[in-house]
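One structure below.
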């Protein structure tokens with residue numbers, strides 16, 4: 001059983017007849033350490049700090065490998081950017097997305113999950129996957145209320 005993303009990547013690369021490289025390992029470390037949804041551009045900028053000579057294409061291809069290996073999920077929010085987040089096994093979360101600053105807040109709510117299951121069951125619908133994205137303004141971007 002594969003226990004961590006590094007082992008998962010190595011197993012995937014072996015299965016594809018590809019080699020593990022220092023660059024791929026470093027990009028994986030940076031991706032996992034980012035702690036938020038990253039675009040290929042953002043990951044490229046982060047990677048250049050420790051690997052100044054790395055190319056954008058290398059970072060992009062590596063992100064594609066992470067997605068194919070099940071290490072990352074591609075996320076498409078309404079701003080046109082593709083972002084990537086680490087795949088969390090056996091957990092599901094949803095997103096609050098700020099339309100002004102782009103902040104993405106992850107949340108889990110058992111009541112929402114139960115309601116979705118109940119709706120699907122009532123309609124005899126077999127859910128394969130789902131996502132919930134709520135768009136609005138984060139606390140920082142909301143107009144400040146004046147104190148009377």
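The values are calculated or read from the model by the stated rules, or taken from the named source; none is laboratory data. Computed from a predicted structure; not experimentally measured. With ideal geometry, Cβ positions are generated from the backbone for all residues, glycine too; neighbour counts draw on all protein chains shown.
Numbers at a glance
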| quantity | calculated |
| --- | --- |
| Any hit, region 27-40, residues being outside any helix (DSSP H, G or I) and in contact (Cβ under 8 Å) with a residue 60 or more places away in the chain | yes |
| Hey, residue 57 at pLDDT 95 or above, surrounded by 15 or more Cβ atoms within 10 Å (Cβ to Cβ) and out of contact with any strand residue (DSSP E or B) (no Cβ under 6 Å at 6 or more places or on another chain) or not | no |
| Enumeration of residues in region 53-70 that are part of a loop (DSSP other than H, G, I, E, B) and within 17 Å of residue 19 (Cα to Cα) | 69 |
| Tally of residues being in a loop (DSSP other than H, G, I, E, B) and either surrounded by 11 or more Cβ atoms within 10 Å (Cβ to Cβ) or in contact with a strand residue (DSSP E or B) (Cβ under 6 Å, 6 or more places away or on another chain) (or both) across region 104-122 | 1 |
| Any chance residue 123 is at pLDDT 85 or above and out of contact with any helix residue (DSSP H, G or I) (no Cβ under 6 Å at 6 or more places or on another chain) | yes |
| Any chance residue 49 is part of a helix (DSSP H, G or I) and over 23 Å from residue 5 (Cα atoms) | no |
| Set 42, 74: member being within 20 Å of residue 133 (Cβ to Cβ), in contact with a helix residue (DSSP H, G or I) (Cβ under 6 Å, 6 or more places away or on another chain) and not assigned by TED's automatic domain parsing to the domain that holds residue 103 | 74 |
| Selection from region 71-98 of residues that are farther than 22 Å from residue 46 by Cα and either surrounded by 15 or more Cβ atoms within 10 Å (Cβ to Cβ) or modelled with pLDDT of 85 or more (or both) | 94, 95, 96, 97, 98 |
